[in-house]
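The values are calculated or read from the model by the stated rules, or taken from the named source; none is laboratory data. This structure is a prediction, so every number in the text was calculated from the model and none was measured. For neighbour counting, all protein chains shown are included, and Cβ atoms are generated from backbone atoms with ideal geometry for every residue, glycine included.
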Amino acid sequence: MEDSRLCQWSVIRSILAIVQWWGFNVTVIIMNKWIFQKLDFKFPLTVSCIHFIYSAIGAYLVIKVLKLKPLIQVDPEDRWRRIFPMSFIFCINIVLGNVSLRYIPVSFMQTIKSFTPATTVILQWLIWKKYFDWRIWASLVPIVGGILLSSVTELSFNTLGFFAALFGCVATSTKTILAESLLHGYKFDSINTVYYMAPFATMILAVPAMVLEGPGVTEWLLTCPSLFSSLFIIFGSGVTAFCLNFSIFYVIHSTTAVTFNVAGNLKVAVAFTCSWLIFRNPISVMNAIGCGVTLVGCTFYGYVRQMLANQAPGVPAAPRTPRSKAELLPLVSDKLDDKV
């Protein structure tokens, strides 16, 4: 009876973790799109900088004040030699995501973001000559095909927004691939990742944001008809962005890898639906089919990865290259790709 109750509580906790992760993720995306489209605050660098500031403050409170998570100690030299380059890529990833939101609908952006598994595999194959099982390559076919179909049939297609989202996938993959070499020996979780990287990212973005967007932000502040409510939404998006990071930390520890993968793909469908209900951006039937094909491909990719990872030691594997530096296994899990 006690085991049954524990099992039921574990299932309930997993469901609650996934629901609150979905909630924060979709809320951040919708709020960012609302800021760019409805508030006419078309300054992605500034929005990203605000998110990083709030995330840095939030991570400090969680680790140093509330002590909900132990701090992973990093040598001062390594902070600049290892974490700073990762922060730069982290920063590019977030900025490109916000730039894409400014120009293309949430539904289309989320579909393109599902291309990340493909860019990760391709980069590792091209640069590190890493071997991949044929089933991994097969799982990428529906992902690529679905995105191509969505792109061709997207009624609100914008070239700049499309390439910003696409290069955002490359930045996410690069961050994951380089994690092993740059963060060797530091097994970061999502909160510690934000604790160390957000301050660097803020520092990297602050000057470009002031130089490139400062005059525009000043003019917007002087002409905005509902300044208080608009600022409340903008700064509220920063708070929600940190809550998203904390929710990722919670959901990773409450679900299995397979559950996380399926829930992540369903999250894209939820974001797709919510964005259409709020912004009413036109979506063709073929575009929706393309998104569905992409999500099926992502689910298949996650299943294949999990199946190969759990392959019994006694079962002979397909011919492969020996494990070496060419076969990097990221210390920062690609589960953390949804960070601010």
Give just the number: which of (1) surrounded by 18 or more Cβ atoms within 10 Å (Cβ to Cβ); (2) more than 26 Å from residue 311 (Cβ to Cβ); (3) at pLDDT 85 or above does residue 172 not satisfy? (3)
How many residues are of a type in the set (A, V, I, L, M, F, W, C) and surrounded by fewer than 18 Cβ atoms within 10 Å (Cβ to Cβ) when one looks only at segment 197-232? 14
Among the helices (runs of 4 or more DSSP H) confined wholly to segment 1-111, which include 1 or more residues that are modelled with pLDDT of 90 or more and of a type in the set (Lys, Arg)? 2-37
Against the definition (farther than 24 Å from residue 273 by Cβ, buried (at least 20 other Cβ atoms within 10 Å of the Cβ) and of a type in the set (Lys, Arg)), how does residue 187 come out, yes or no? no
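Of all residues in segment 205-243, which are of a type in the set (Gly, Ala, Ser), within 24 Å of residue 88 (Cα to Cα) and in contact (Cβ under 8 Å) with a residue 12 or more places away in the chain?
206, 209, 237, 238, 241
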Scan segment 120-130 and tell me whether some residue there is more than 22 Å from the chain's Cα centre (by Cα) and within 15 Å of residue 294 (Cβ to Cβ). no
Scanning segment 123-137 residue by residue, those part of a helix (DSSP H, G or I) and either in contact (Cβ under 8 Å) with a residue 40 or more places away in the chain or in contact with a strand residue (DSSP E or B) (Cβ under 9 Å, 6 or more places away or on another chain) (or both) turn out to be 123, 124, 127, 134, 135, 136
List every residue pair whose Cβ atoms sit under 8 Å apart, with the two residues 6 or more apart in sequence or on different chains, where the first one lies in segment 92-115 and is more than 17 Å from residue 278 (Cβ to Cβ) and the second, anywhere, is at pLDDT below 85 and not in a helix (DSSP H, G or I). 94/339; 94/340
Would you confirm whether any residue within segment 193-211 is over 29 Å from residue 87 (Cα atoms), part of a helix (DSSP H, G or I), among the polar types (S, T, N, Q) and within 22 Å of the chain's Cα centre (by Cα)? no
Given the conditions (1) closer than 27 Å to residue 204 by Cβ; (2) more than 19 Å from the chain's Cα centre (by Cα); (3) crowded, with 16+ Cβ neighbours inside 10 Å, and given that residue 40 satisfies all but one, which numbered condition is not satisfied? (3)
With respect to the numbered conditions (1) among the hydroxyl-bearing types (Ser, Thr, Tyr); (2) surrounded by fewer than 19 Cβ atoms within 10 Å (Cβ to Cβ); (3) within 30 Å of residue 292 (Cα to Cα), which one is the sole condition not fulfilled by residue 237? (2)
Taking residue 151 as the residue in question, decide whether it is assigned to a helix (DSSP H, G or I), modelled with pLDDT of 85 or more, hydroxyl-bearing (Ser, Thr, Tyr) and farther than 21 Å from residue 287 by Cβ. no
